[in-house]
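The values are calculated or read from the model by the stated rules, or taken from the named source; none is laboratory data. Here the structure is a predicted model, which means the values were calculated and not measured. Cβ coordinates were reconstructed from backbone atoms using ideal geometry, including for glycine residues, and neighbour counts include every protein chain displayed. Calculation scope for accessible area: heavy atoms of the full protein, side chains included, ligands and nucleic acids excluded. Shrake-Rupley method; radii C 1.70, N 1.55, O 1.52, S 1.80 Å.
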Amino acid sequence: MNHLSPEIRARALEIVALYPDARSALVPLCHLAQEQDGWLRPEAMEEIAQIVGVTPAEVRGTASFYDMIHLEPVGKYVISICTNIACLLRGGEDLLNHAQSSLGIGVGATTSDGMVTLEEAECLADCGRAPCVQVNHRYVGSQTPESFDSLVEKLRTGELSDSIPPHGTLIRVRRNVGSR
Amino acid sequence: MAITEAPKIVTSRMGYEDSHTIERYLATGGYEALRKAVKMTPEAVAAEVDAASLLGRGGAGFPAGRKWSMLRKAQTTYLVVNGDESEPATFKDHLLVERDPHQLVEGVLIAAYALQVTKVFIYLRGEFALGLERVQQALNDAYDKGAAGSDIFHSGYSVDVVVHPGAGAYICGEETALLESLEGKRGFPRIKPPFFPAAIGLYGEPTVVNNVETMSNLPWIINNGGAAFAALGAGRSTGTRLFALSGRVKNPGVYELEMVKTTFRDLIYAPVLGGGILDGNDLKAFIPGGVSAPWFGPEHLDLPLGQDEVGEAGSMLGSGSIVVMDSSTCAVRAALRITKFFARESCGQCTPCREGSGWLKRVLNRIESGEGREEDLDLLLDVCDNIAPGLTWPPQQTTICVLGPSIPSSIHSAILMFRDEFLHHVKDGACPYA
Ligand SMILES: Cc1cc2nc3c(=O)[nH]c(=O)nc-3n(C[C@H](O)[C@H](O)[C@H](O)COP(=O)(O)O)c2cc1C
Ligand code: SF4
Ligand code: FES
């Protein structure tokens, strides 16, 4: 019994075919598994290992190197607040502190309703709109404490679900030209 | 100095809301350069790029034409495009990827043709979710129009371009780490020599790695000629360049400026550029080229934005990212935040980098929180000296990659420029800015 759905698995095999060496697809497949599950489940690691021809331990070891691959469940929305230099100079740390008290969770934790995970990010390459915030790796522009709270409210009510897909769905535009 | 009338080479479409679409791209001359290129010989295309003297825009500033000519001919080779953009305060490739993905794709196809490679990977940092979608859409459109894939524009030349998502690791911007990552491994930099990508790159094959902005310049160069590009700027710094301005300025943003003709003062203070310091404060210091670079003070404001000019003054233009600190900025806190970043992102292969960054972070943290001692300043410099012996710039390399030797830059600069401020923290037992 496969863990990945037939649709996701088919897409995984298409991705593998793009590379001269199947192992290159390891990280893209981790993203794909997160699209299905929101995080990288052990069952998914096993299946990815089998698809790209390495051991599950190698999948885990590689995945753990990358911040965007989650080895534990996360909320439907992962909010990343940058506190690196350009954002620090524009109130990034204050915003992160506000977010913690407003959400009632620490950095790295998830709200009890499973909606929001809070992360302190390194530079997200949006330093012109500091402090920079991403939700599920979608830029939402610089935030004040007030706008942050209303952003969270909108996430909770589902108002933003068109522009911000649930955690794990990274790319909604597919390669449509086959493998060549 | 002044802001020149140089053409916008890579930002000409940014005024359009739909700059990322194939319709807008075609309506503004898109893919003409590629059509022209595939009618030339690959050597002639490479010669134009050589004539442009285009310096790589990823940070190291190596001439693109020269890099290409290092590839052994008649080999399976790969072109890999570096869109990892994660040097803190760098956000120019973000703009190019999201707002003009076709220009990037066309540039990539021109480079691929010049190099005669049949497979290209565009590696984009995973946090560029929208950018990944836009570039994939641009590629889908390019295939559809016959600009990519088999027999492009009936030239007989075929190439496949794959977009590869990263997954959050700064070190993967270093080219050999990027190749490891692209091979499905952890992003551990490889030791050079022997692992220069041009010799032993992706899957052990000769590989060219170029930055997103480097590629995005190619359509203009082919349309207008390398000489027209080289006529802009001065000395080794030709053409225009994207400068990402951030921190305590009124108008942070990405500005395309002619190289060398504009100064840091223009960039930071001109009303149409940075617009001056926030709240009418005074400039305290600025970082001229990403957080790996040593800091400059107000006395450096009149330096031109040129690679050699900044290098000779003791720092680097690096990724073209300028961070402005003002009189409200705590130098200790700024250095601490940058050091925390390096400690978090060190891949851990080399002891000076792994251990040194952790040490430095702890000592700086102690000073910032008011628990430091005067001797801590010497301790900081001592640890810095262990990572980059002599504390020269460019640094001596004791490690596999240059992340390690870049760690001392901010600390060394902060202590040289603001020693009193460190001592204040120690004497007052608190941060004077808190
Ligand atoms: C620690 C480190 C991080 C780097 N990050 C990036 C990056 O994010 N993007 C980039 O294009 N180059 C980065 N570079 C430079 C690349 O190694 C390489 O020089 C560059 O991609 C070559 O392209 P170019 O010649 O077109 O500039 C980094 C280098 C180091 C040492
Ligand atoms: S210098 Fe640091 S980041 Fe570079 S290879 Fe060594 S440990 Fe890794
Ligand atoms: S420093 Fe925060 S996005 Fe760059």
Practice task
Name every residue in segment B:145-166 that is more than 8 Å from every other protein chain (Cβ to nearest Cβ) and either within 29 Å of B:Phe188 (Cα to Cα) or free of Cβ contacts under 8 Å to residues at least 24 places away in the same chain (or both), in order of residue number.
Solution key: B:Gly146, B:Asp151, B:His154, B:Gly156, B:Val159, B:Val161
Problem - Selection from segment B:167-180 of residues that are open to solvent by less than 20 Å² (accessible area, probe 1.4 Å) and at the interface with chain A (Cβ under 7 Å from one of its Cβ atoms) - result: B:Ala167, B:Gly168, B:Ala169
Exercise for the section: Determine which single condition B:Glu205 fails, assuming it passes every other condition in (1) touching a residue at least 12 places away in the same chain (Cβ under 8 Å); (2) open to solvent by less than 10 Å² (accessible area, probe 1.4 Å). Expected result: (2)
Completion exercise
Expected single match for farther than 15 Å from A:Val78 by Cβ and surrounded by 20 or more Cβ atoms within 10 Å (Cβ to Cβ) among A:Ala121, A:Ala130 is A:Ala130
Completion exercise
Going through (1) surrounded by 17 or more Cβ atoms within 10 Å (Cβ to Cβ); (2) free of Cβ contacts under 8 Å to residues at least 24 places away in the same chain one by one, B:Gly280 fails only at (1)
Handout entry: A:Thr144 vs. criteria under 21 Å from B:Val249 (Cα atoms), surrounded by fewer than 18 Cβ atoms within 10 Å (Cβ to Cβ) and either more than 8 Å from every other protein chain (Cβ to nearest Cβ) or not hydroxyl-bearing (Ser, Thr, Tyr) (or both)
Key = yes
Completion exercise
Taking segment B:283-302 and keeping only residues that are more than 26 Å from B:Leu403 (Cα to Cα) and either in the same structural domain as B:Phe91 (by TED's automatic domain parsing) or buried (at least 17 other Cβ atoms within 10 Å of the Cβ) (or both), one is left with B:Leu283
Exercise for the section: Taking only segment B:230-269 into account, find how many residues are buried (at least 21 other Cβ atoms within 10 Å of the Cβ), within 10 Å of chain A (Cβ to nearest Cβ) and in a loop (DSSP other than H, G, I, E, B). Expected result: 2
Exercise for the section: State whether the residues of segment B:347-354 include one that is small (Gly, Ala, Ser), surrounded by fewer than 20 Cβ atoms within 10 Å (Cβ to Cβ), in a loop (DSSP other than H, G, I, E, B) and modelled with pLDDT of 95 or more. Expected result: yes
Completion exercise
A:Ser101 meets each of (1) free of Cβ contacts under 8 Å to residues at least 12 places away in the same chain; (2) under 18 Å from the mean Cα position of the chain (by Cα) with one exception, condition (2)
Handout entry: Number of the condition not met by B:Asp308 [criteria: (1) within 22 Å of the chain's Cα centre (by Cα); (2) crowded, with 19+ Cβ neighbours inside 10 Å]
Key = (2)
Exercise for the section: Could you check, for segment B:149-161, whether at least one of its residues is in the same structural domain as B:Leu96 (by TED's automatic domain parsing), of a type outside the set (Val, Ile, Thr) and crowded, with 24+ Cβ neighbours inside 10 Å? Expected result: no
